[in-house]
Amino acid sequence: MVTEVIKAKELQKLDPVFGQLSFDNHEQIVFCNDKDTGLKAIIGIHNTVLGPSLGGTRMWQYNSEWDALNDVLRLSRGMTFKSAITGVNLGGGKAVIIGDAKTQKTPELMLRFGEFVHSLGGKYITAEDVGMTTSDMDLVRTVTPYVTGISEEKGGAGNPSPITAYGVFMGMKAAAKYKFGTDDLENKVVYVQGIGNVGEALVEHLSDEGAKVYISDINQERLEEVRDKYHATIYTGNNLYSEDMDIYAPCALGATVNDHTIGQLKAKVIAGAANNQLADEQKHGRLLREQGIVYAPDFLINAGGIINVYAELENYGKQEIMRKTENIFNTTLEILTNAETNDVTTHKAALDIAQSRINSRRKEN
Ligand code: NAD
């Protein structure tokens with residue numbers, strides 16, 4: 001508690017927006033407020049060199065507005081690199097709505113949010129993230145065309161989460177091949193942390209392949225549901241990080257690889273869906289490497305969702321979505337090998353490729 005107070009005070013000493021630690025030359029930050037619906041949202045537009053910024057909207061009960069700002073800054077930057085490495089012509093953006101999605105999300109609030117998105121004239125295109133569903137996006141679509149992740153009945157590509165999970169599964173298999181010499185996950189001990197939309201679909205792939213799957217979540221009901229459906233084991237301990245496992249799959253929120261957890265990790269591979277898994281990209285990326293833990297960069301392997309929503313803008317079908325997502329296996333393997341050859345962290349190897357695509361487009365313009 002004392003440290004939290006100090007942290008908040010330290011944060012307040014920084015300049016409010018441009019001086020934030022996670023500020024990385026973002027192009028535009030939009031604060032959205034509506035008294036009538038109780039909407040408090042922040043839209044972060046990091047970079048639009050490759051195209052309009054696209055990224056999901058997260059609804060979360062943040063501890064403070066500083067946390068919400070920090071999250072949207074980190075998430076929108078991550079989207080820039082995700083789109084760049086995936087080869088889609090999109091920039092990086094993201095939105096956060098401050099509040100509890102279970103109790104505070106109303107149709108009026110979502111519509112008002114949609115109007116704010118619309119006011120940006122297409123510079124930011126939204127989609128679903130934590131706390132959002134396809135039907136929320138269908139609702140937003142009634143007030144703006146700048147939304148993806150629309151249901152198939154309404155002409156969209158549907159819920160992106162199963163495709164994200166498939167891409168994560170491909171990235172995980174590539175990391176396993178690199179580390180264990182085989183991409184077969186049978187009997188591998190895998191801990192999936194967070195069994196929401198993506199986590200559950202990942203558990204399905206893993207159990208189909210015969211992996212020994214452990215699941216953890218803060219939602220007990222979901223744990224029991226997913227356990228019963230896929231014969232997974234519910235993790236009942238209180239420190240997942242220190243458990244013996246082959247693969248750790250973070251599929252809840254970010255920054256779980258941090259100063260506190262990194263020394264305890266016994267996993268040999270980290271491959272999951274959560275965005276921004278490394279609290280500090282450089283420091284924790286380096287420490288993972290020193291510990292011999294293979295880290296499959298999050299923004300590379302969780303790109304299935306962006307491939308799926310991009311289909312709505314570019315009009316390609318399911319077959320092409322699956323082909324592009326399956327290719328995450330090859331790209332991951334290539335990047336893990338590159339990192340070793342060039343003696344850099346896997347995160348940096350992936351980031352460099354993404355950055356060079358942005359740089360060459362910038363030169364063309
Ligand atoms: P979701 O909201 O459906 O699921 C998140 C799950 O994590 C929930 O079941 C929640 O109870 C659980 N959770 C929250 N805090 C936890 C904790 N401390 N420990 C264990 N479990 C916890 O979200 P999702 O769509 O499945 O996304 C999961 C992650 O993947 C997020 O970080 C998201 O940004 C990222 N991601 C999602 C997509 C997508 O297509 N949905 C695409 C790329 C990245």
Exercise. Given the conditions (1) within 22 Å of Val198 (Cβ to Cβ); (2) without any contact (Cβ under 8 Å) to a residue 60 or more places away in the chain; (3) within 16 Å of the ligand (Cβ to nearest atom), and given that His260 satisfies all but one, which numbered condition is not satisfied?
Worked result: (1)
Problem set entry | Within region 185-231, tally of residues that are part of a strand (DSSP E or B), over 18 Å from the mean Cα position of the chain (by Cα) and more than 10 Å from the ligand (Cβ to nearest atom) | 5
Exercise. Hey, among Asn159, Asn187, which residue is modelled with pLDDT under 95 and either at positive phi or out of contact with any Cys (no Cβ under 7 Å at 6 or more places or on another chain) (or both)?
Worked result: Asn159
Problem set entry | Subset of region 235-254 that is without any contact (Cβ under 8 Å) to a residue 60 or more places away in the chain and within 10 Å of the ligand (Cβ to nearest atom) - its residue that is farthest from Tyr191 (Cα to Cα) | Ala252
Exercise. Name the pairs: first residue in region 126-141 and within 16 Å of Ala157 (Cβ to Cβ), second residue among the aromatic types (Phe, Trp, Tyr), Cβ to Cβ under 8 Å, at least 6 apart or on different chains?
Worked result: Thr126/Tyr146; Val140/Phe113
Problem set entry | Among (1) closer than 22 Å to Ile85 by Cβ; (2) part of a helix (DSSP H, G or I) - the single one Ser135 does not satisfy | (1)
Problem set entry | Meets criteria (in contact with a helix residue (DSSP H, G or I) (Cβ under 7 Å, 6 or more places away or on another chain), touching a residue at least 60 places away in the same chain (Cβ under 8 Å), assigned to a helix (DSSP H, G or I) and buried (at least 24 other Cβ atoms within 10 Å of the Cβ)) for Gly167 | yes
Problem set entry | Odd one out for Ala267 among (1) within 15 Å of the ligand (Cβ to nearest atom); (2) modelled with pLDDT of 95 or more; (3) assigned to a loop (DSSP other than H, G, I, E, B); (4) closer than 19 Å to Thr332 by Cβ | (1)
Problem set entry | Residue ID - nearest to Asp343 (Cα to Cα), chosen from residues in region 270-289 that are touching a Phe, Trp or Tyr at 6+ places or on another chain (Cβ under 9 Å) and more than 16 Å from the ligand (Cβ to nearest atom) | Arg289
Exercise. Given Thr337, Thr341, Thr332, Thr345, which one is crowded, with 24+ Cβ neighbours inside 10 Å and under 23 Å from Leu278 (Cα atoms)?
Worked result: Thr332
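The values are calculated or read from the model by the stated rules, or taken from the named source; none is laboratory data. All values reported here derive from a predicted model rather than from experimental measurement. Virtual Cβ from ideal backbone geometry, glycine too; neighbours counted across all protein chains shown.
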